[in-house]
Amino acid sequence: MSIAIGGSFWQQNQQSWSPDVNNRAPGSSVLAASPMALFKGANNASNGSTTAASRALDAMLGPFGATVMNSSTGMAVLAAQQAADRVNAKAAAVTSNVPTKSVANVATQVTFSGSLASPDVFDTTGPALNGGYHFLSGTALQNAFNLAMLGKRSHGAAVDTVSVSGNTLTGSTSGLNAHKVFTLTLKPNSGLYTFTLANPIDLPTSRLDKFTTMNLSLLVQAVMSDGTTAPLPNSAVVEVHNGLGAANGTAHNGVVHQGGLAYTGPNNTPPPSNAPAARPKYVAPINPLTGRSYSAAGSALMANADSLNILT
């Protein structure tokens with residue numbers, strides 16, 4: 001009896017299976033006409049535009065498996081995109097103090113006026129008749145400038161060039177992207193000076209306050225009435241901070257704030273060789289179910305790999 005029942009089931013299967021086989025289109029798969037068609041994906045019914053890998057995966061997954069995978073992939077890609085958005089938001093917060101255009105009150109933030117006045121330096125001799133405060137000149141000036149600007153860079157270029165015109169000293173970079181970085185104007189009789197930052201000095205990117213110090217008094221000397229000279233150490237020290245400044249937005253006590261100052265120099269060459277290398281362009285992975293990219297998000301590849309775990 002068991003044999004008869006088994007035969008009955010076999011005959012029923014044959015009856016339901018044979019017409020499908022007999023009626024299938026020429027060249028179609030036997031599996032496509034059998035009860036296994038339940039697991040056949042939509043791509044297998046196409047005109048051949050999909051890849052062999054896509055058709056094979058569709059046949060393995062079927063409509064139910066494709067739905068599950070699409071849902072899993074969608075959630076994974078969405079999670080990856082949300083994570084990327086959070087990273088981008090944090091990166092924007094870190095670099096938000098580097099404007100593309102200088103803020104309206106930038107002049108008050110990057111300009112500081114002070115005094116070199118030191119009456120005791122002239123002793124009984126007194127200052128020179130044409131003023132007791134003068135910039136160094138020639139090789140002495142260049143050497144002092146190199147020391148004061150040691151390690152200072154602006155837009156990736158070393159601040160290595162100094163020039164004096166009248167009572168104004170200008171510090172600049174050199175090369176094809178040469179640009180003015182700051183000026184220092186000096187009044188010889190009184191020792192009053194004005195420092196103005198013209199282009200940002202490179203500082204570490206951080207949400208915290210970062211700064212660099214420049215001892216500009218190294219560039220100036222006291223000149224006596226008899227022609228002798230004396231240094232003026234630590235009498236003109238300027239700190240350049242990366243923030244926007246105090247509540248009133250002004251420089252004070254030798255501290256200037258370049259956070260609102262945009263780079264205004266030329267861009268004739270790419271960043272210097274010691275700049276971080278550009279990241280290779282991201283190529284989104286291909287969804288085997290659609291033959292199209294999942295997403296342009298940088299994390300989509302990992303999301304795709306995670307979603308395929310449902311097959312293991």
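If Asn177 satisfies all but one of (1) modelled with pLDDT of 95 or more; (2) part of a loop (DSSP other than H, G, I, E, B); (3) buried (at least 17 other Cβ atoms within 10 Å of the Cβ), what's the number of the condition it fails?
Evaluating Asn177 over (1) modelled with pLDDT of 95 or more; (2) part of a loop (DSSP other than H, G, I, E, B); (3) buried (at least 17 other Cβ atoms within 10 Å of the Cβ) leaves (1) as the failure.
Are any of the residues in segment 139-155 farther than 21 Å from His257 by Cα, at pLDDT below 95, open to solvent by 60 Å² or more (accessible area, probe 1.4 Å) and among the polar types (S, T, N, Q)?
As a first pass, look at segment 139-155 and keep what is farther than 21 Å from His257 by Cα: 139-147.
Subsequent filtering for residues that are at pLDDT below 95 retains none.
The answer is no, given that none of the residues of segment 139-155 is farther than 21 Å from His257 by Cα, at pLDDT below 95, open to solvent by 60 Å² or more (accessible area, probe 1.4 Å) and among the polar types (S, T, N, Q).
Run down Thr212, Thr185, Thr269 and say which single residue is modelled with pLDDT of 95 or more and either under 21 Å from Ser137 (Cα atoms) or in a loop (DSSP other than H, G, I, E, B) (or both).
Details: Thr212 fails: either under 21 Å from Ser137 (Cα atoms) or in a loop (DSSP other than H, G, I, E, B) (or both); Thr269 fails: modelled with pLDDT of 95 or more.
Within the list Thr212, Thr185, Thr269, the selection yields Thr185.
Pairs please, first residue from segment 203-224 and in contact (Cβ under 8 Å) with a residue 60 or more places away in the chain, second anywhere and open to solvent by 60 Å² or more (accessible area, probe 1.4 Å) and assigned to a helix (DSSP H, G or I), Cβ atoms under 8 Å, 6+ apart in sequence or on different chains.
Note: pairs meeting the criteria are Thr205/Thr95; Leu218/Leu147.
For residues in segment 272-300 being at pLDDT 80 or above and β-branched (Val, Ile, Thr), which is nearest to His241 (Cα to Cα)?
Among those residues, the one meeting the criterion is Ile286.
Do you know which residues across segment 103-120 are under 14 Å from Leu216 (Cβ atoms) and in a loop (DSSP other than H, G, I, E, B)?
Leu116
Of the conditions (1) surrounded by fewer than 16 Cβ atoms within 10 Å (Cβ to Cβ); (2) in contact with a Gly (Cβ under 8 Å, 6 or more places away or on another chain), Pro188 fails just one. Which one is it?
Result: Pro188 passes all but (1).
For segment 228-253, enumerate the residues that are open to solvent by 20 Å² or more (accessible area, probe 1.4 Å), assigned to a loop (DSSP other than H, G, I, E, B) and closer than 17 Å to His134 by Cα.
Thr228, Pro233, Asn234, Ser235
Only one of Gly151, Gly131 is farther than 22 Å from Val223 by Cβ and in a loop (DSSP other than H, G, I, E, B). Can you tell me which? Walk me through it before giving the result.
Values: Gly131 fails: farther than 22 Å from Val223 by Cβ.
Residue meeting the stated conditions: Gly151.
Based on this model, can you work out whether Ser190 counts as in contact (Cβ under 8 Å) with a residue 60 or more places away in the chain, assigned to a loop (DSSP other than H, G, I, E, B), in contact with a helix residue (DSSP H, G or I) (Cβ under 6 Å, 6 or more places away or on another chain) and under 29 Å from His134 (Cβ atoms)? Explain how you work it out, then say what you get.
Working: in contact (Cβ under 8 Å) with a residue 60 or more places away in the chain: yes; assigned to a loop (DSSP other than H, G, I, E, B): yes; in contact with a helix residue (DSSP H, G or I) (Cβ under 6 Å, 6 or more places away or on another chain): no; under 29 Å from His134 (Cβ atoms): yes.
Against the criterion (in contact (Cβ under 8 Å) with a residue 60 or more places away in the chain, assigned to a loop (DSSP other than H, G, I, E, B), in contact with a helix residue (DSSP H, G or I) (Cβ under 6 Å, 6 or more places away or on another chain) and under 29 Å from His134 (Cβ atoms)), Ser190 does not qualify.
Among the numbered criteria (1) open to solvent by 20 Å² or more (accessible area, probe 1.4 Å); (2) assigned to a loop (DSSP other than H, G, I, E, B), which single criterion is violated by Ile201?
Of (1) open to solvent by 20 Å² or more (accessible area, probe 1.4 Å); (2) assigned to a loop (DSSP other than H, G, I, E, B), only one is false for Ile201: (1).
The values are calculated or read from the model by the stated rules, or taken from the named source; none is laboratory data. A quick note: this is a predicted structure, and the numbers were derived from the prediction, not measured. Glycine also receives a Cβ, built like all others from the backbone with ideal geometry; neighbour counts cover every protein chain displayed. Please note that ligands, DNA and RNA were not included when accessible areas were found on the heavy atoms of the full protein model with its side chains. Shrake-Rupley method; radii C 1.70, N 1.55, O 1.52, S 1.80 Å.
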